[in-house]
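Read through the structure below, which is laid out as structure tokens, and then see the notes.
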Amino acid sequence: MKLIIVESPAKARTISRFLGSGVAVEASMGHVRDLETKGWGVDIEAGFVPNYVVTPGKQAVIKKLKEALKNADELFLATDEDREGESIAWHLTEVLKPKVAVRRMVFHEITEPAIQRAFASPREIDRRLVDAQEARRILDRLYGYGLSPVLWRRVRQGLSAGRVQSVAIRIVVERERERIAFVAAGYWDLEATLAKPDSIEFGATLVQLDGAKVATGSDFDAAGQLITAGAVVLDEATARGLSADLEKSEFVVRTVDTKPYRRSPYPPFRTSTLQQEASRKLRFSALRTMSNAQRLYEAGHITYMRTDSTSLSEAAIGATRTQITALFGAEYLPEKPRTYANKVKNAQEAHEAIRPAGDKFRTPEQVRREVSEDEARIYELIWKRTMASQMKDAFGESMSVRIGAISPAEEDAEFAATGRTITFPGFLRAYVEGSDDPEAALDDQETPLPSLESGDSLDLAALEPLGHSTKPPARFTEASLVRRLEELGVGRPSTYASILSTIKERGYVFAKGQALIPTFIAFSVVNLLEANFENLVDYAFTARMEDDLDRIADGDEEAVPYLTRFYLGPEGLHQQIEDRLENIDARAINSIPLGVDEQGRAIVIRVGRFGPYLERDSDRASIPDDLPPDELTLEKAIELLNEQPAGDKILGTDAESGLAVMARNGRYGPYVQLGEAEHKTKPKTSSLFKSMSLDSITLEEAIQLLTLPRLIGNDPDTGAEIVALNGRYGPYLDKAGESRSLSKEAELFTIDLHQALELFRQPPARGRRANDSPGRDLGATEGGRVVSVRRGRYGPYVTDGEVNASLRTSDDPEQIDLARALELLAARRERLSDTTTVVRRSRAKKAGAAKKAGATKKAANRKKPAAKKSASK
């Protein structure tokens, strides 16, 4: 019996179809070991020795694999062929400790011929790749565990730093800073609609006036200043006057420049370009793209989807050329196969590009019957791109025309028109690449012009003055951010999807449409890192780290000396934190000055524990969660501050204490307060109900609010106190840490002990929270669980009856679909798994400590009589 171990059950099912009896295929369900989370997980003093522990929840999997191994005389480790897959294979040998021969089985597509070849010609585990992956993992742990606590102490608890993650956040924040500093410039031009007699109309734009260039958007800098010497800026009055003057002028063709147009096809997909195109064409997130590609790979439909190579095997090229001839015709097939050079540094040439699997490709229509809609759309994208990569060039003709007109005032106006016609579409029949710029013309778009010659007289159909304004640099989308990271050499294709998911999940950016917008928390984090650890978010430095890790993988550098320099060197991370932590000014890091109002009062954005807010002297105002930073202008800030209710308002005196009762507006909303703070003693406060306002609250209502929290009584069975409280998320009851929600705030004063006990007898709602809206069903999971979106006490969320996941700022409850809901639920499950692990370890640690203390106490008790007897002697 031969045992093959792969990562997933889907992959196991596909492979098992290709190998006969005598071969068992089992799944490890991903990683089986990782660095322990207790402490650093790395013994730094011993030379960065990693401390590995079994991944939480994998004990049962390992037990099952060990049982299967007992019946095998040979073990084949068929994990993915990249560094991470090599690492998983090595960890399996460390955990399973096989006493039989171990083989490493690698393939880049799950087809019968590929699996048979890999099974017949296995190799040994490549320790060089394992060590490189281990060094990368340790480096990421040192970076994250070193810097994250700095963020906790100076910005906010729960934040995280990461080698690639922090650089990605900086890229997004820098773009937003550019947008904030941007000053728009206005300019005008003329748009003419012209026609040759008995021919089509076409458009032409004014480009020169009396020999001087007419300014366009590219002639201004980000500060709104003209940077092109000699360019003339038209204002509205000049443009309209010139338009009126030219209405009766003759328009004559001055020059015609015709050139052949030729466009070559794009290379096949690699990981990053697939993510970019899926974002542009399908509006898929990188995570959604890779999840669907993973399922296609495991089902045997495409080749391995984590690759930085654009090469195709000879068999794949042959299959592509055969299908081109059959589906498009021989006229679309070039004489020789096309080859593409990799443009990615340290590309792993052994990998192929992402393409349909096998040596006889299936069409999208054939695959669609066997996969989900998302998977079908990804497959179609890959199939079309693969076809196009081996087809002929597209060619045609481009034309550039200059047209002159002289006004009655002898002003010489020159207009320009450009056109393009495609005479042979070539690869464009199969695939047209998208663009990050929504206004850019795609490769297959034609702009025909009539046949023109110098001296031709043209009819003027319309002449319109148009006003324009320069635009700030566009925000990054997932597609353009992936491209930017790749251009900088930061990160690797296999990490981009998880990085993008992480910076959204942890609140550093949110999506508005396709645009990625940084939060003010992201500004604080980048401010801190730039001011105190600049090299760690420097693009060139981070790219060099990738090169260093690749040299370790190639055997040109040793891991331990490199890690020692990075962490323990004179300028290492440990020393930087030691030297700089206490000098970091948290208030300065978390402050963004906006300017001053008409009274000269400074207005500042502050980032606090509970979110960003505006501050002007003693006035404060919350900043809406969905307000992009570049839209928070000084005028908007003043508007938000002025919208806040009036400040302190004395309502009267509390008869019992004799203290003043005040209504105030605080950072977290309006509240009432009893007396002033004295000798570091905080006065009693209570938040206003949602139905109340500072303008209308009475003394009696305020005194009643100050009675909260209210003791309702004691549970007769346990003696535990039952208390009514108004929390951050609404009214509720508490009994020894167990809580129940109340439907109305007024119930805080009316609910009695009998009603409270009845509420606690009811079990907490499972799946659906108490008092939540019925919601809207989105569909069902593969396991048949209904997924719905609901509105609850904490806001909108999705649930499958087992797990609830809150919607992100960018998610619209009315528009969210099943795919996005499943993505949120998967992320929530992962976080719950991590939390459960921490709780289990904490309980185990306490239990161990208690057991040890008990044993010590028993031993001491056994010794005490003997000691007493000895003393009496």
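The values are calculated or read from the model by the stated rules, or taken from the named source; none is laboratory data. As the structure is a computational prediction, the values presented were derived from the model and not from experiment. As a convention, Cβ positions derive from the backbone with ideal geometry for all residues, glycine included, and neighbour counts pool all protein chains shown. When the accessible area is computed, the model is the full protein with side chains, heavy atoms only, and any ligands, DNA or RNA have been set aside. Shrake-Rupley method; radii C 1.70, N 1.55, O 1.52, S 1.80 Å.
A quick yes/no check of all residues on (1) within 27 Å of S8 (Cβ to Cβ); (2) not in a loop (DSSP other than H, G, I, E, B):
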| site | (1), (2) |
| --- | --- |
| E277 | yes, yes |
| M290 | yes, yes |
| P337 | no, no |
| Y340 | no, no |
| H351 | yes, no |
| D359 | yes, no |
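Which of (1) within 25 Å of K281 (Cβ to Cβ); (2) part of a loop (DSSP other than H, G, I, E, B); (3) touching a Ser or Thr at 6+ places or on another chain (Cβ under 7 Å) is the odd one out, the single condition F510 does not satisfy? All conditions are met except number (2).
What number of residues within the range 90-106 satisfy the criterion of being free of Cβ contacts under 8 Å to residues at least 40 places away in the same chain and either out of contact with any strand residue (DSSP E or B) (no Cβ under 9 Å at 6 or more places or on another chain) or under 12 Å from V32 (Cα atoms) (or both)? Spell out how you get there, then give the answer.
Step one: list which residues in the range 90-106 are free of Cβ contacts under 8 Å to residues at least 40 places away in the same chain, which gives 93, 96-104, 106.
Filter again for either out of contact with any strand residue (DSSP E or B) (no Cβ under 9 Å at 6 or more places or on another chain) or under 12 Å from V32 (Cα atoms) (or both), leaving 93, 96-97, 99.
Adding up the residues that qualify gives 4.
Quick one: which strands (runs of 3 or more DSSP E) sit completely within the range 1-107 and have at least 1 residues that are in contact with an Asp or Glu (Cβ under 6 Å, 6 or more places away or on another chain)? Spell out the reasoning first.
Details: elements: 2-6, 23-27, 33-35, 52-54, 74-77, 101-104.
In the range 1-107, the matching strands (runs of 3 or more DSSP E) lie at 2-6, 52-54, 101-104.
The set of residues in the range 713-722 being open to solvent by 30 Å² or more (accessible area, probe 1.4 Å) and either touching a Leu at 6+ places or on another chain (Cβ under 7 Å) or closer than 18 Å to V672 by Cα (or both) consists of E721 alone. The sole residue among K360, K281, K336 that is under 23 Å from A114 (Cβ atoms) and among the basic types (K, R) is K360. Considering the range 657-774, the qualifying helices (runs of 4 or more DSSP H), each wholly inside and each with 1 or more residues that are of a type outside the set (A, V, I, L, M, F, W, C), within 30 Å of E615 (Cα to Cα) and at pLDDT 85 or above, run over 699-705.
Restricting attention to the range 212-219, does a residue exist that is in contact with a helix residue (DSSP H, G or I) (Cβ under 9 Å, 6 or more places away or on another chain), surrounded by fewer than 21 Cβ atoms within 10 Å (Cβ to Cβ) and modelled with pLDDT of 95 or more?
Step one: list which residues in the range 212-219 are in contact with a helix residue (DSSP H, G or I) (Cβ under 9 Å, 6 or more places away or on another chain), which gives 213.
If we keep only those that are surrounded by fewer than 21 Cβ atoms within 10 Å (Cβ to Cβ) as well, we get 213.
Still in the running and modelled with pLDDT of 95 or more: 213.
Yes, the range 212-219 contains a residue that is in contact with a helix residue (DSSP H, G or I) (Cβ under 9 Å, 6 or more places away or on another chain), surrounded by fewer than 21 Cβ atoms within 10 Å (Cβ to Cβ) and modelled with pLDDT of 95 or more.
Just one residue in the set I552, I584, I605 is at pLDDT below 90 and of a type in the set (A, V, I, L, M); that residue is I552.
Number of residues in the range 559-585 that are among the hydroxyl-bearing types (S, T, Y) and out of contact with any Leu (no Cβ under 6 Å at 6 or more places or on another chain) equals 2.
Report whether or not R475 is crowded, with 21+ Cβ neighbours inside 10 Å, within 20 Å of the chain's Cα centre (by Cα) and under 30 Å from V214 (Cβ atoms). Spell out how you get there, then give the answer.
On the way: crowded, with 21+ Cβ neighbours inside 10 Å: yes; within 20 Å of the chain's Cα centre (by Cα): yes; under 30 Å from V214 (Cβ atoms): yes.
When the stated conditions are applied, R475 passes them.
Let's see how each residue does on (1) over 21 Å from A161 (Cβ atoms); (2) among the aliphatic types (A, V, I, L, M):
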{"site": "D556", "(1), (2)": "yes, no"}
{"site": "A559", "(1), (2)": "yes, yes"}
{"site": "Q576", "(1), (2)": "no, no"}
{"site": "R580", "(1), (2)": "no, no"}
{"site": "A588", "(1), (2)": "no, yes"}
{"site": "P593", "(1), (2)": "yes, no"}
{"site": "V596", "(1), (2)": "yes, yes"}
{"site": "G608", "(1), (2)": "no, no"}
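Which residue, of A430, A388, A376, is without any contact (Cβ under 8 Å) to a residue 24 or more places away in the chain, within 40 Å of the chain's Cα centre (by Cα), closer than 20 Å to T273 by Cβ and open to solvent by less than 70 Å² (accessible area, probe 1.4 Å)?
Values: A430 fails: without any contact (Cβ under 8 Å) to a residue 24 or more places away in the chain; A388 fails: without any contact (Cβ under 8 Å) to a residue 24 or more places away in the chain.
Matching residue, one of A430, A388, A376: A376.
Only a single criterion out of (1) open to solvent by 20 Å² or more (accessible area, probe 1.4 Å); (2) modelled with pLDDT under 95; (3) β-branched (V, I, T) is not satisfied by T255, namely (2).
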